[in-house]
Structure formats: structure tokens, C-alpha cells
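J.: Take this structure first; my questions come after.
What follows draws every value from the coordinates through simple rules; no lab data is involved. Predicted model only: the values in this text are computed from it and were never measured. Reconstructed Cβ throughout: ideal geometry from the backbone, glycine too, with neighbour counts over all protein chains shown.
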Amino acid sequence: MSRVALVTGGSRGIGAAISTALKNAGYKVAANYAGNDEAASAFTKETGIPTYKWNVADYEASKAGIAKVEADLGPIDVVVANAGITRDAPFHKMSPEQWQQVIDTNLTGVFNTVHPVWPGMRERKFGRVIVISSVNGQKGQFAQVNYAATKAGDIGIVRSLAQEGARAGITANAVCPGYIATEMVMAVPEKVRESIIAQIPAGRLGEPEEIARCVAFLASDDAQFINGSTISANGAQFFS
């Protein structure tokens, strides 16, 4: 029987590539999304992957959405916490609302996504938790105190979960993408994009599929002894 995978933020950008890669690897995939109904519908039509709408910042909505996924597809074996937002501003101009919105989605959203599936994983003695962090969670970034804090916190989450879950056959790992050629990055002015690429020794942006392959590996049986680790996929931009 195929294992079931849930990908939050799974209908666009890196999340869409992850959802597709896991489906191609034989998983039954559910892709969560927060608000873009049109993009989610187009993604399902193109890939055949069902999409489920809820806000990961809301625990009860996450719990209900996950219950719906499990009712439709079966118990979740692999959870990829990918959903994330930015609300960038220099720290002296950052509002409490900008801080809290990012914390609620990028950090608390990981708790809200993993916590409901954790008991089932422990009971079945198998689970894969994969959190999409960021190079900016490793090195920090101007005007991203909120975002960098959450992405650094995500790494702390997986390192702790790895220790709790190891004896139950659960692994927890993080992937830290660098700058990836997503719709959001490609929409920035060309000069800004060129300045970003100039900081990357590989001389290019990463592709969403390159991050997806990291996730597919961590979800596989081949990665069962990799636990509490961070995979940096950034074209040699930063080492940690």
C-alpha cells in the first residue's frame, strides 16, 4: 500500500515541486494551500493531486484539515511542513503584526502541522517529518528578523523531534533552500535578481525540483538513519 504524504503550501512553487516529486515516487499526496483557489484548482487538474484548504497558523483548522486528508487517503506517513510567508521590514520599522504573522505561519504552523500526526506516527512506528527552512534561517538576512527567526526555529524543532521520535522509527530533518527560481523570486526586478545571483558561487538560482529531490530522498527508506539533520541546498552560498 502506498504511503501517504501531506505537503503544506503544496500547490505552488517549491511545494508544488515537492508534491509532484512525491507522487512520482509512488506516494499518495495531499497538497495543502491557504487561499489561492484558482492556483490550487489548476494544480489538481494538471497533476491529479488533491488539494485541501486551511490556514496552518490555526491549530483547529489544521487538525480538521489533517483529519479530512486521513479520512480520504489514509494515515499520514510523511509530512512536509513547507508553508511559509514573508513580511519583510528593517527591524526598526517592523510592526508587531508583521512579526506575529510570520511567527504564526512559519513557526507555529510547523507545530500545528506536525502535532496532529505525531501520535499516529508513534503508534505505527514509522514517520517522516521534513521541514522546509531557509538559508536565511542559517545566516540571517537584512529586513528579515521575523523570517530568519522562524526558519532558525524550524531547525531547532527537527533536532528536538529527531531525538523524541528516533526510537519510534520517526525521522525529522530540515531542508534549507537558498534562492530558488520560484514565481516570487522571478517577479523581483532583474537588477535585484542579478545581485542575488552574484552572491551564489554556482552562478544561478536553484530550481524547485532540486529542493524536491532532497525531500523525496529524506522521505525514502534509504534515509532512515538520517535524523535531526539539515540539508543545505544553496549553490555554495552559505555553509553551516
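J.: What about residue 52, is it touching a strand residue (DSSP E or B) at 6+ places or on another chain (Cβ under 8 Å), free of Cβ contacts under 8 Å to residues at least 24 places away in the same chain and among the hydroxyl-bearing types (Ser, Thr, Tyr)?
T.: Yes, satisfied.
J.: Output yes when any residue across the stretch 114-129 is among the basic types (Lys, Arg), out of contact with any Leu (no Cβ under 7 Å at 6 or more places or on another chain), surrounded by fewer than 16 Cβ atoms within 10 Å (Cβ to Cβ) and under 29 Å from residue 220 (Cβ atoms), and no when none is.
T.: Taking every residue of the stretch 114-129 in turn, at least one turns out to be among the basic types (Lys, Arg), out of contact with any Leu (no Cβ under 7 Å at 6 or more places or on another chain), surrounded by fewer than 16 Cβ atoms within 10 Å (Cβ to Cβ) and under 29 Å from residue 220 (Cβ atoms).
J.: Residues to consider are 212, 216, 233; find the one that is closer than 30 Å to residue 4 by Cα and touching a Leu at 6+ places or on another chain (Cβ under 7 Å). Reasoning before the result, please.
T.: Values: 212 fails: touching a Leu at 6+ places or on another chain (Cβ under 7 Å); 233 fails: touching a Leu at 6+ places or on another chain (Cβ under 7 Å).
Every option except 216 fails the conditions.
J.: Considering the stretch 148-192 alone, what residues qualify as being surrounded by fewer than 19 Cβ atoms within 10 Å (Cβ to Cβ), touching a residue at least 24 places away in the same chain (Cβ under 8 Å) and aliphatic (A, V, I, L, M)?
T.: If the condition is that a residue be surrounded by fewer than 19 Cβ atoms within 10 Å (Cβ to Cβ), touching a residue at least 24 places away in the same chain (Cβ under 8 Å) and aliphatic (A, V, I, L, M), then 149, 166, 168, 181, 184 are the ones that fit.
Here is a yes/no grid of residues against (1) farther than 24 Å from residue 12 by Cβ; (2) more than 13 Å from the chain's Cα centre (by Cα):
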residue	(1), (2)
161	yes, yes
164	yes, yes
207	no, yes
216	no, no
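J.: Next question. If I ask for residues that are buried (at least 19 other Cβ atoms within 10 Å of the Cβ), of a type outside the set (Val, Ile, Thr) and in a helix (DSSP H, G or I), which ones from the stretch 193-215 would you list?
T.: 208, 212, 214
Residue-by-condition table, conditions (1) surrounded by fewer than 24 Cβ atoms within 10 Å (Cβ to Cβ); (2) in a helix (DSSP H, G or I); (3) of a type outside the set (S, T, N, Q):
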| position | (1), (2), (3) |
| --- | --- |
| 14 | no, yes, yes |
| 20 | yes, yes, no |
| 26 | yes, no, yes |
| 35 | yes, no, yes |
| 44 | yes, yes, no |
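J.: With (1) of a type outside the set (Val, Ile, Thr); (2) over 21 Å from residue 23 (Cβ atoms); (3) in contact (Cβ under 8 Å) with a residue 24 or more places away in the chain as the list, and residue 70 as the residue in question, which single condition is left unmet?
T.: Answer for residue 70: the failing condition is (2).
J.: Are any of the residues in the stretch 143-160 over 23 Å from residue 31 (Cα atoms) and part of a loop (DSSP other than H, G, I, E, B)?
T.: The answer is yes; a qualifying residue exists.
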